[in-house]
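J.: Handing you a structure now.
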Amino acid sequence: MSDSRTSAWAGLAALAVAIGIGRFAFTPILPMMQDDAGLTVAGAGWLASANYAGYLAGALSAIGAQVRASTAIRVGLLVIGLSTLGMGLEQPFLSWIALRFVAGIASAWVLVFVSAWALDRLTAVGRPGLSGVVYAGVGTGIVIAGGVCAVAMEFSAGSGVAWLSLGIASVLITVAIWVLVKDEQA
């Protein structure tokens with residue numbers, strides 16, 4: 001596979017984790033959390049708001065960040081994986097708030113830095129049209145999160161199993177693309 005396609009697919013995988021799992025996995029997991037953790041509508045609102053606030057903070061902080069794109073992407077993906085795993089563990093509610101906030105920050109950083117990294121690489125090799133592959137990661141991640149939740153519900157697994165499964169998936173995807181996310185030109 002050419003470097004441009006490799007970069008596009010690595011970008012897709014990173015955005016699947018960052019947006020599909022780090023941002024939107026909460027939506028399909030919510031009914032399970034209401035059922036097995038007794039999460040109220042107000043509690044759900046707080047968790048969603050924490051993630052949104054983290055996303056805003058992450059997007060704003062990425063503006064002036066003096067960090068290599070590969071470092072920001074890798075660290076962001078690891079934070080998403082670990083915070084998602086943390087959601088699957090028995091935690092006090094305030095810990096869940098903190099985990100969703102941190103996942104929001106990391107999700108924004110990965111989106112911003114993957115966009116810059118992938119688009120620069122694709123443009124440099126005359127393949128800017130492959131940017132559509134990168135951004136297909138958003139929908140791909142949402143489908144993965146929804147699919148994991150559907151399977152978990154089918155087998156009467158709880159929200160913890162869904163969070164842990166998505167956390168493991170995030171870490172595995174991160175490991176798989178780790179060496180592909182590098183700063184030199186394609």
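Computed from the coordinates by the stated procedures, all read-outs in this text should not be read as laboratory data. A quick note: this is a predicted structure, and the numbers were derived from the prediction, not measured. In this analysis, Cβ positions are derived from the backbone assuming ideal geometry, glycine residues included, and neighbour counts consider all displayed protein chains.
J.: Pull out the extension gain between residue 65 and residue 155, defined as 0.36 nm times the separation in residues minus the alpha carbon to alpha carbon distance; nm, one decimal.
T.: Full extension from residue 65 to residue 155 adds 28.0 nm.
J.: Tell me which chymotrypsin sites (Phe, Trp or Tyr not before Pro) from segment 131-170 have a DSSP coil assignment and no more than 11 other beta carbons within 10 Å of their own.
T.: 155
J.: Here's something else I'd like to know. Running a GNM on the chain with Cα contacts under 10 Å, which residue among 139, 45, 22 ends up with the highest mean-square fluctuation?
T.: 45
J.: Further question: Mind sorting out which of (i) 1.66; (ii) 1.02; (iii) 1.38 is the real Cα Rg over 2.2 N^0.38 Å computed from the coordinates?
T.: Matching the structure shown: (ii).
J.: Something else: Kindly put 178, 9, 109 in sequence by how many other C-beta atoms sit within 10 Å of each C-beta, fewest to most.
T.: If I rank by nearby Cβ atoms, fewest first, I get 178, 9, 109.
J.: While we're here: Mind sorting 19, 29 by how few other Cβ atoms lie within 10 Å of their own Cβ, fewest first?
T.: 19, 29
J.: Please give the peptides 146-153, 81-88 ranked by average Cβ packing (other Cβ atoms within 10 Å per residue), highest first, as a rough proxy for protection.
T.: 81-88, 146-153
J.: Report the Cα centroid-to-centroid distance between segment 1-73 and segment 94-171 in angstrom, as an integer.
T.: Centre-to-centre distance over Cα atoms comes out at 6 Å.
J.: Roughly how many nanometres apart are two label points built 7 Å out from the Cα toward the Cβ at residue 136 and residue 6?
T.: Result for the modelled spin labels: 2.0 nm.
J.: Return the FRET efficiency for the residue pair residue 95, residue 183: r is the Cβ-Cβ distance, R0 is 41 Å, and the value is rounded to the nearest 0.05.
T.: Computed FRET efficiency for residue 95 and residue 183: 0.75.
J.: Still on this structure, please answer the following. Ranked by Cβ crowding within 10 angstrom, fewest neighbours first, how are 94, 56 ordered?
T.: By the 10 Å Cβ count, ascending, the order reads 94, 56.
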